[in-house]
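The block underneath contains the structure these notes are about, expressed in structure tokens.
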Amino acid sequence: MKWVIIIYLSMHTVSAGDMKYKRVEIPAKDFHECMDISQQINDITKGIRGGAAITRSFYWVYNNMLDDIKSECVFATPWSPLPKWAENTPWLWNKVPEQNHPPD
């Protein structure tokens, strides 16, 4: 179980004014970060001045293409698998790049 910020996005589609909905899960480090980001997203009109980079990003998305955005902070097991960066493991830092040399 982890602290997860669940973000609900709604936008109008081109065809016949239908609405399209999307849910996004973002892992948080702790309760305070989860609540802080969730509150900033719920008050998205002030998001440009938000302390978290993700809030500022969602502000631009909201301003340009969304009809509504809501978020909540939950302590749960995420439905989707967490991305590799969620645990902040340097899996890419330890990867040795392949050396592609032209044939002699």
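Some observations on this one:
- Shape class for the range 2-77, computed from the alpha carbon gyration tensor (a ≥ b ≥ c): oblate, with a/c not under 1.5 and a/b at or below b/c.
- Taking the centroid of alpha carbons for each part, the range 1-25 and the range 26-63 are 15 Å apart.
Coordinate-derived values only; no laboratory data. Since the model is a prediction, treat every value here as computed from it, not as a measurement.
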